[in-house]
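Following: one structure in structure tokens, then a few remarks.
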Amino acid sequence: ADEDYILENKRYLKHMHMHDAAGDKNHLALGTGELDIAKYCALAREHNCRIVLETKTIEGLRQSVEWMRHRGYME
């Protein structure tokens with residue numbers, strides 16, 4: 001829902017909270033929803049932006065970290 005605003009103001013982007021979503025469910029582990037998370041990670045990297053992972057569970061956080069590591073977004 002916020003994509004248009006974010007893209008219009010991406011030059012100011014320094015920090016973002018990230019989670020996946022599907023329908024009316026949000027704060028899902030990365031890669032388990034419908035969002036193009038790789039697109040937003042690339043945007044963050046392009047603007048040297050920090051990402052805070054937001055999940056509802058510890059397991060969701062672990063899954064999200066693993067998703068990012070597997071794709072080279074984290075060391």
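The values are calculated or read from the model by the stated rules, or taken from the named source; none is laboratory data. Since the structure is predicted, the reported quantities are computational estimates derived from the model, not experimental observations. All Cβ positions, glycine included, derive from the backbone under ideal geometry; neighbour counts span all protein chains shown. When the accessible area is computed, the model is the full protein with side chains, heavy atoms only, and any ligands, DNA or RNA have been set aside. Shrake-Rupley method; radii C 1.70, N 1.55, O 1.52, S 1.80 Å.
Per-structure values
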| item | result |
| --- | --- |
| Within segment 33-65, tally of residues that are farther than 15 Å from Asp2 by Cα, assigned to a loop (DSSP other than H, G, I, E, B) and of a type outside the set (D, E, K, R) | 6 |
| Which numbered condition Asn48 fails, given (1) at positive phi; (2) open to solvent by less than 80 Å² (accessible area, probe 1.4 Å) | (2) |
| Scope segment 8-32; condition within 11 Å of the chain's Cα centre (by Cα) and either assigned to a loop (DSSP other than H, G, I, E, B) or surrounded by 12 or more Cβ atoms within 10 Å (Cβ to Cβ) (or both); matching residues | Met16, Met18, His19, Asp20, Ala21, His27, Leu28, Ala29, Leu30, Gly31 |
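Every residue, every condition in (1) of a type outside the set (D, E, K, R); (2) touching a strand residue (DSSP E or B) at 6+ places or on another chain (Cβ under 6 Å), yes or no:
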position	(1), (2)
Glu8	no, no
His17	yes, yes
Ala22	yes, no
Ala42	yes, no
Arg45	no, no
